[in-house]
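Below you'll find the structure, written out as structure tokens, and then a few comments.
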Amino acid sequence: MPTIRDIARQSGYSVSTVSRVLNHQKYVSKPAQQAVEKVIKALDYVPNSLARDLSFGQNKNIGVVLPHNDHPYFNQLLNGIMDAAFTSGYHIVLLPSEYNQTVELDYLEQLKRKNFSALIFTSHGLPLSVLAQYAQYGQIACCEDTGDYHLSAVYSNREPAYLAAFKHLATLKVRQIAILLSRNLEQSPTSSAIMAAYQQVFHHKPAEKLVIGGMTSFNDGYQAAKTLHARQSDIDCFFTNGDDIATGVRQYYLDQDLTSPLLFGQENQLSSFLLQFPTIDHHFFTVGQKAFEVALSTEHQKFSFKSELIVPK
């Protein structure tokens, strides 16, 4: 692959002159410009856009660290980010992580090397303390409350909606509640918030045997319902981490000719609307849009959006 030095050697002009021609700068004579452009065409030279951007102190790449895309949380965030980025001139680079700390650390090192102008962490396996150490090298926006860490944050304030949801269930005299989570308590602030809200309303922890993590899909909900019904047949309600997951629970009961317990979903998907069961809208599309906006800023910023409990009438 030809380089700028090859162009300089064949054209007979200096590297700085070739650079000025490539970047359409002034102070290049017409003969020099024509000679350099002739060699560029002959060599079929294509400028390295990353190197060019870095030479001007610019970078148009925003990295989005995405553990997976199996849950609507990530899909809605990503859709919001892409919507905001569409006309911005910036490039969105998806960075799969599967919560692997070594992989996430490599992305942070790439930020340090200026391969990205900013990183958006939709979720993470590394501690926030490690992410904060790299904030000096570029904007890092997290889609969660980062507390006292010097990290920008755009997130949904979920706790009031969780409290309202469990209070609603309490008024219905619901007692045996199965809880389906995406990650365990040690890993997930969301899971911790759900359990804390449950305990605040019912004044005790949920039965450990009725809590299952790793839920991301319709099939996960179906299998969880099968497992939990075998453990305890008198479950009153399934509080799930996604409407489609709740729909999987429902399908298991239908397939067994059993009456489905009360279903409670999250993410305000089409399934909860069609089947008319309660859900929580965390407005993740809007969170994603704002996260991209924050990623373009050089300032430390925090924004929260209020989750919304939706109960069909």
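The values are calculated or read from the model by the stated rules, or taken from the named source; none is laboratory data. In this text the structure is predicted, and so the values were computed from the model without any measurement. Virtual Cβ from ideal backbone geometry, glycine too; neighbours counted across all protein chains shown. For the accessible areas, the whole protein counts, side chains as well, though only heavy atoms, and no ligand, DNA or RNA atoms are used. Shrake-Rupley method; radii C 1.70, N 1.55, O 1.52, S 1.80 Å.
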Residue match in the range 170-186 (condition: assigned to a helix (DSSP H, G or I) and surrounded by fewer than 19 Cβ atoms within 10 Å (Cβ to Cβ)): yes
What is the number of the single condition among (1) in a strand (DSSP E or B); (2) farther than 28 Å from residue 221 by Cβ; (3) among the β-branched types (Val, Ile, Thr) that residue 102 does not meet? (1)
Name the residue that is modelled with the highest pLDDT, counting only residues in the range 10-19 that are surrounded by 14 or more Cβ atoms within 10 Å (Cβ to Cβ) and not polar (S, T, N, Q). 13
Considering residues that are of a type in the set (Phe, Trp, Tyr) and farther than 28 Å from residue 247 by Cα, the number found within the range 60-90 is 2
Run residue 225 past the list (1) of a type in the set (Gly, Ala, Ser); (2) more than 17 Å from residue 168 (Cβ to Cβ); (3) in contact with an Asp or Glu (Cβ under 8 Å, 6 or more places away or on another chain); (4) buried (at least 16 other Cβ atoms within 10 Å of the Cβ) and report the number of the one that doesn't hold. (3)
For the range 247-266, name all the residues that are open to solvent by less than 10 Å² (accessible area, probe 1.4 Å) and in contact (Cβ under 8 Å) with a residue 60 or more places away in the chain. 249, 264
So, in the range 267-313, exactly how many residues are part of a loop (DSSP other than H, G, I, E, B) and either open to solvent by 50 Å² or more (accessible area, probe 1.4 Å) or touching a strand residue (DSSP E or B) at 6+ places or on another chain (Cβ under 6 Å) (or both)? 14
Subset of the range 187-222, residues part of a loop (DSSP other than H, G, I, E, B), of a type in the set (A, V, I, L, M) and open to solvent by less than 40 Å² (accessible area, probe 1.4 Å), comes to 215
Among the residues of the range 93-121, which ones are out of contact with any Lys or Arg (no Cβ under 9 Å at 6 or more places or on another chain) and in contact (Cβ under 8 Å) with a residue 60 or more places away in the chain? 114, 115, 118, 119, 120
So residue 146 ticks every box in (1) within 24 Å of residue 246 (Cα to Cα); (2) in a loop (DSSP other than H, G, I, E, B) but one. Which box is left unticked? (1)
